[in-house]
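The values are calculated or read from the model by the stated rules, or taken from the named source; none is laboratory data. Nothing here was measured: the structure is a model prediction, and the numbers come from that model. Note: ideal-geometry Cβ built from the backbone for every residue, glycine included; neighbour counts use all protein chains shown.
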Amino acid sequence: MELTETLAATDAGVARAAALLRAGRLVAFPTETVYGLGGDARRDETVARIFEAKGRPRFNPLIVHVPSLGEAEKVALFDDRARAVAGAFWPGPLTLVLPLRPGAGLSPLVTAGLGTVAVRVPAHPLARALLQAFGGPLAAPSANPSGRVSPTRAVHVLAGLQGRVAAVLDGGACEVGVESTILGLAEEEPRLLRPGGLPVEALEAALRQPIASGGSAERPSAPGQLASHYAPAAAVRLNAHAAETGEILVGFDPVRGDLTLSETGDLVEAAAALFHALREADALAGPQGRIAFAPVPETGLGRAINDRLRRAAAPRG
Ligand code: AMP
Ligand code: MG
């Protein structure tokens, strides 16, 4: 990729950032918490490139940023409780995990194939201007390479991701400086999935009940929670060079299959296709069926793809 553009906090800078996002490119932008690595949450390939740019070894779900509660309701299912919390704290450093709205049109990579979605309305004026100008939901994890600290200035973004994002919108230093608080409201019991910029006491006061900690898509508090990660009903075999009798084979160059992750061995294309392929192969194989996956190299995005495939193939109870 070419050099990362630094865009000023002006109408022209925001317009350029929105145009890049509409073209499917990645743009880092300031929020009140930390700088986000933004991309169109509806485009599989764009979301795959977010994981590639960060060098993430697994497809954990990303937070979807929207300009308003009304836009949030287009991607998530809100009940009265969720609306009350959103009304009290949005825009602001609070992320809500809610049931995914069927037909929301998000890439399954954003939710890691889960039936829930994490959504937030940021308060930073530049983030809001960008969301308005772009006009769609932005997937945006922190704009740093995986395993490094979150950036709170444009220069931090460039230090980690120069050449890996099309542009960074420079809004100076972030006010809050820590990530958003994540509140899980997809189940009966509210859960604190991550402490962050909004104190949990404020949430407890608004909900008028204590909030239990723990449980997240990455580190489930109960092993059963892992099952909510999309797992095919069919049995899954990995590193297959050919289909055995009755198997649906998912190819990756040079292995040809009934369907394919990528005929050209392109890992971005394969990551973008992964969750669609899991569902399609599952539907083709049927509940008693078997799916085989061709080998995918353990490099770049291949590590996250293989992490997901190993979990799909793991014995289930
Ligand atoms: P970040 O890298 O700051 O975007 O982190 C996103 C955080 O949100 C991670 O800790 C995710 O596990 C969490 N998260 C996102 N979506 C979900 C979800 N659907 N269910 C549970 N946790 C989620
Ligand atoms: Mg992060």
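With a cut-off of at least 1 residues that are at pLDDT below 95 and under 20 Å from the mean Cα position of the chain (by Cα), name the strands (runs of 3 or more DSSP E) lying wholly within the stretch 133-231.
Values: elements: 167-169, 181-184, 191-194.
Once the strands (runs of 3 or more DSSP E) in the stretch 133-231 are filtered for at least 1 residues that are at pLDDT below 95 and under 20 Å from the mean Cα position of the chain (by Cα), what remains is 191-194.
Would you check if there is a residue in the stretch 94-102 being among the polar types (S, T, N, Q) and assigned to a loop (DSSP other than H, G, I, E, B)?
No, every residue in the stretch 94-102 fails to be among the polar types (S, T, N, Q) and assigned to a loop (DSSP other than H, G, I, E, B).
Please state which of the following conditions Gly24 fails to meet, knowing it meets all the rest: (1) of a type in the set (Gly, Ala, Ser); (2) within 16 Å of ligand 1 (Cβ to nearest atom); (3) not in a helix (DSSP H, G or I).
(2)
From Pro108, Pro151, Pro91, Pro99, grab the single residue that is within 12 Å of ligand 1 (Cβ to nearest atom), under 17 Å from Val75 (Cβ atoms) and touching a helix residue (DSSP H, G or I) at 6+ places or on another chain (Cβ under 9 Å).
Values: Pro151 fails: under 17 Å from Val75 (Cβ atoms); Pro91 fails: within 12 Å of ligand 1 (Cβ to nearest atom); Pro99 fails: touching a helix residue (DSSP H, G or I) at 6+ places or on another chain (Cβ under 9 Å).
Pro108 is the lone residue from the list that is within 12 Å of ligand 1 (Cβ to nearest atom), under 17 Å from Val75 (Cβ atoms) and touching a helix residue (DSSP H, G or I) at 6+ places or on another chain (Cβ under 9 Å).
Being modelled with pLDDT of 95 or more, farther than 21 Å from Thr111 by Cβ and under 27 Å from the mean Cα position of the chain (by Cα) narrows it down to one of Pro315, Pro254, Pro295, so name that one.
Details: Pro315 fails: modelled with pLDDT of 95 or more; Pro254 fails: under 27 Å from the mean Cα position of the chain (by Cα).
Only one candidate qualifies: Pro295.
When the residues of the stretch 98-126 are filtered to those that are modelled with pLDDT of 95 or more and within 16 Å of ligand 2 (Cβ to nearest atom), which remaining residue is surrounded by the most Cβ atoms within 10 Å (Cβ to Cβ)?
Filtering the stretch 98-126 for residues that are modelled with pLDDT of 95 or more and within 16 Å of ligand 2 (Cβ to nearest atom), the one surrounded by the most Cβ atoms within 10 Å (Cβ to Cβ) comes out as Val110.
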